[in-house]
Amino acid sequence: MKFLVLTDIHGNEEVSSWANKLIKENEADFVIILGDITQFGPKSWAENFLSAFEVPVYSVAGNCDPPKEIMEAIEEKANLMHKKKTVIDGVPFIGLGGSNPTIFNTPFELSEEEIESSLEPLMEENSVLVLHAPPMGINDTIPSGAHVGSTSIKAIVDKYHPRLVLSGHIHEARGMIEENKTIFINPGPAMSGYSAMITIDGDKTEIEMLELE
């Protein structure tokens with residue numbers, strides 16, 4: 001299977017157009033969206049954005065997405081992955097939207113306890129985590145040098161060693177890191193033209209970090 005990963009769209013009108021071109025050029029099977037579809041709404045924008053894709057969409061909401069209305073939009077126009085496990089071609093994809101607490105008091109923040117209690121019952125071997133927030137210490141560094149990821153996500157990763165951890169949230173922390181047989185990917189903010197194309201074929205995983213020219 002091959003899929004495009006997008007995150008942190010923040011209401012950018014151009015994203016669906018170039019993303020659909022990538023999907024067609026690469027013959028991607030579906031799209032995964034890691035949240036912050038909107039910049040604090042509205043629901044109608046999220047509905048229009050999600051409806052624009054020519055392949056199935058699997059999505060969580062981010063901390064800048066008002067959770068009730070944006071998760072309703074995802075349920076209506078795509079496949080909501082928040083606190084859910086979805087098996088695609090035999091691979092379990094486990095989703096959680098929102099973020100651990102921030103200093104900005106954004107609309108969709110979860111306590112570390114809720115993050116842990118939401119993910120723990122869903123976890124299994126060989127899974128792909130579909131998150132908005134990154135784990136503490138990985139793809140989570142802000143310009144000051146501080147790490148602002150989730151301690152609970154890090155604990156879950158250390159316990160279960162998923163094959164892939166997909167996250168966004170921290171725009172400056174775009175990158176790919178492999179640690180203890182887990183590949184961590186922050187594709188970078190789609191609002192700035194970044195994405196990632198991922199192919200999973202049995203035990204083999206290929207990742208291409210993409211940037212608009």
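Read-outs throughout are calculated quantities, based only on the coordinates presented, and are distinct from any laboratory measurement. Please read all numbers here as calculations on a predicted model, not as lab measurements. Cβ placement follows ideal geometry from the backbone for every residue including glycine, while neighbour counts extend to all protein chains displayed.
For the range 99-113, taking the residues that are in contact with a helix residue (DSSP H, G or I) (Cβ under 7 Å, 6 or more places away or on another chain) and closer than 17 Å to GLY168 by Cα, the one that is surrounded by the most Cβ atoms within 10 Å (Cβ to Cβ) is identified as ASN100.
Of all residues in the range 120-130, those satisfying the criterion of being buried (at least 17 other Cβ atoms within 10 Å of the Cβ) and either among the charged types (D, E, K, R) or closer than 18 Å to THR7 by Cβ (or both) are VAL128, LEU129, VAL130. Scanning the range 50-69 for residues that are touching a Lys or Arg at 6+ places or on another chain (Cβ under 7 Å) and among the aliphatic types (A, V, I, L, M) yields a single hit, LEU50.
Remark: GLU116 matches the filter, which requires a residue to be surrounded by fewer than 18 Cβ atoms within 10 Å (Cβ to Cβ), part of a helix (DSSP H, G or I) and not basic (Lys, Arg). Scanning the range 6-48 for residues that are within 15 Å of HIS171 (Cβ to Cβ) and hydrophobic (A, V, I, L, M, F, W, C) turns up LEU6, ILE9, VAL15, LEU34, ILE37.
Residues in the range 149-171 that are over 27 Å from LYS2 (Cβ atoms) and hydrophobic (A, V, I, L, M, F, W, C): ALA155 alone. Restricting the range 8-58 to residues that are of a type in the set (Val, Ile, Thr) and touching a helix residue (DSSP H, G or I) at 6+ places or on another chain (Cβ under 6 Å), the residue that is nearest to LEU210 (Cα to Cα) is VAL15. Note on the range 131-145: among residues that are in a loop (DSSP other than H, G, I, E, B) and in contact with a Gly (Cβ under 9 Å, 6 or more places away or on another chain), the one that is surrounded by the fewest Cβ atoms within 10 Å (Cβ to Cβ) is GLY137. If you filter the range 187-210 down to residues that are under 17 Å from HIS10 (Cα atoms) and of a type outside the set (A, V, I, L, M, F, W, C), you find that the one that is surrounded by the most Cβ atoms within 10 Å (Cβ to Cβ) is PRO187.
Hey, can you tell me all the residues within the range 178-213 that are on the phi > 0 side of the Ramachandran plot and touching a Leu at 6+ places or on another chain (Cβ under 8 Å)? Within the range 178-213, just GLY193 meets the criteria.
Here's the yes/no breakdown for (1) in contact with a Lys or Arg (Cβ under 6 Å, 6 or more places away or on another chain); (2) over 30 Å from GLU125 (Cβ atoms); (3) not hydroxyl-bearing (Ser, Thr, Tyr):
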site	(1), (2), (3)
ASN48	no, yes, yes
GLU76	no, yes, yes
ASN79	no, no, yes
SER111	no, no, no
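Taking PRO107 as meeting all but one of (1) within 13 Å of the chain's Cα centre (by Cα); (2) at negative phi, write down the number of the exception. Among (1) within 13 Å of the chain's Cα centre (by Cα); (2) at negative phi, the lone unmet condition for PRO107 is (1). Residues that are in contact with a helix residue (DSSP H, G or I) (Cβ under 9 Å, 6 or more places away or on another chain), aliphatic (A, V, I, L, M), loosely packed, with under 15 Cβ neighbours inside 10 Å and under 20 Å from MET191 (Cβ atoms): does the range 71-83 have at least one? Looking for residues that are in contact with a helix residue (DSSP H, G or I) (Cβ under 9 Å, 6 or more places away or on another chain), aliphatic (A, V, I, L, M), loosely packed, with under 15 Cβ neighbours inside 10 Å and under 20 Å from MET191 (Cβ atoms), one finds none in the range 71-83, hence no.
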